[in-house]
1. Filter the stretch 15-40 for residues that are among the small types (Gly, Ala, Ser), modelled with pLDDT of 90 or more and either in a loop (DSSP other than H, G, I, E, B) or touching a Cys at 6+ places or on another chain (Cβ under 6 Å) (or both) and give the result.
2. At pLDDT below 90, among the charged types (D, E, K, R) and outside any strand (DSSP E or B): which single residue out of 168, 83 fits that description?
3. Would you please list the contacts, defined by Cβ atoms under 6 Å and residues six or more apart or on different chains, that run from a residue in the stretch 286-313 that is under 23 Å from residue 25 (Cα atoms) and part of a helix (DSSP H, G or I) to a residue that is at pLDDT 80 or above and hydroxyl-bearing (Ser, Thr, Tyr)?
4. For the stretch 111-127, enumerate the residues that are among the β-branched types (Val, Ile, Thr) and either surrounded by fewer than 16 Cβ atoms within 10 Å (Cβ to Cβ) or more than 27 Å from residue 295 (Cα to Cα) (or both).
5. Go through the stretch 64-75 and report how many residues are loosely packed, with under 14 Cβ neighbours inside 10 Å and within 19 Å of the chain's Cα centre (by Cα).
6. Filter the stretch 150-171 down to residues that are without any contact (Cβ under 8 Å) to a residue 40 or more places away in the chain and of a type outside the set (Ser, Thr, Tyr), then give me how many there are.
7. What about residue 160, is it outside any helix (DSSP H, G or I) and either surrounded by 17 or more Cβ atoms within 10 Å (Cβ to Cβ) or at pLDDT 85 or above (or both)?
8. I'd like to check something: does the stretch 128-145 contain any residue that is polar (S, T, N, Q), in contact (Cβ under 8 Å) with a residue 60 or more places away in the chain, in a loop (DSSP other than H, G, I, E, B) and surrounded by 15 or more Cβ atoms within 10 Å (Cβ to Cβ)?
Amino acid sequence: MEKEIKTIVIDNGSRLIKAGFGGEDKPKTIFPSIIGRLRNSGDKIEKEEKEYYIGEEVQSKSGILNLNYPIEHGIIKDWDDMEKIWNYTFENELRVKSEEYPILIILPIYSSGKGSGFVIEIGDGVTSVVSIYEGYAFPDTIKRVDFAGRDLTEYLMKLLNEKGNSFETNIEREIVRDIKEKLGYVALDFDEEMEKHQKLIETKYELPDEYSGVHEMIYNSIMKCDEDIRKELYGNIILSGGSTMFPGFVERIEKEVTQLAPPNTKINTIADSFRLDAVWIGGSILASISTFQNKWITKEEYKESGVSIVHRKCF
């Protein structure tokens, strides 16, 4: 019997880092994935002379810092700053030595208690979908668009500023994000909603032509799978990420996908209350499965095989 390995699970989000240990029911720490440096080298913060600030400490000092989000639209753009955030995660938040623990790439489907299903993840930086059957992802069904929660926040800022308000700074952006999360909702019938509020809503936002709607992403991805498993995928559409939490989102998804799917197809959406952390929870559960222990990629394996070892063991 193989010895179970204690695992560090990290969800590297465009806005938030969620980190903790495999087997636990929630992340040990959640903090903004942001790094800040003094705008003027001569500035001092409470007699401190730190080269940079990370996470929550950035929020309270953002007025005198230049801010950088290393992850944009779900992709690491600044590896140097990302490494600093990881080191901060290990040393300051988890208080562990990273070299003593394996680190897990996360998978949200396990948070739902299912091994097969269709996962749609909408976070702050990216919207992505994938079909999974008996624990295996189908690479051909993976689709993503660089449009998610942060884009909605930016657009709401634009609308508010056009009305004579002034929301420009990072602190003010957080205020707008809070407005979005507390007051935003998804209309079941968009045209009817626009007609109802036509005197109040004067602007429409259209995605670029190359972007598909979420319902189209779901349909196109599932239709790439074998016909034998499509029914199960349509019956297990798993929502993940904070941008799926808007009231009305589930109902709208089911309505739109039903119109695209083959006749008499049962559409079932799984929208757990904890889906804000579903990615991390899925990783925590996966790390606890005994059969997963032979999936680890060692430093020696990566040095010998490079990125191909990831594809060989993970797909």
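The values are calculated or read from the model by the stated rules, or taken from the named source; none is laboratory data. Source: prediction; values computed, not measured. Every residue, glycine among them, receives a Cβ derived from its backbone with ideal geometry; neighbour counts consider all protein chains shown.
1. 33
2. 168
3. The qualifying pairs are 287/7.
4. If the condition is that a residue be among the β-branched types (Val, Ile, Thr) and either surrounded by fewer than 16 Cβ atoms within 10 Å (Cβ to Cβ) or more than 27 Å from residue 295 (Cα to Cα) (or both), then no residue fits.
5. Here the count works out to 1.
6. Residues flagged as without any contact (Cβ under 8 Å) to a residue 40 or more places away in the chain and of a type outside the set (Ser, Thr, Tyr) within the stretch 150-171 amount to 12.
7. For residue 160, the condition - outside any helix (DSSP H, G or I) and either surrounded by 17 or more Cβ atoms within 10 Å (Cβ to Cβ) or at pLDDT 85 or above (or both) - is not met.
8. For the stretch 128-145, residues polar (S, T, N, Q), in contact (Cβ under 8 Å) with a residue 60 or more places away in the chain, in a loop (DSSP other than H, G, I, E, B) and surrounded by 15 or more Cβ atoms within 10 Å (Cβ to Cβ): absent.
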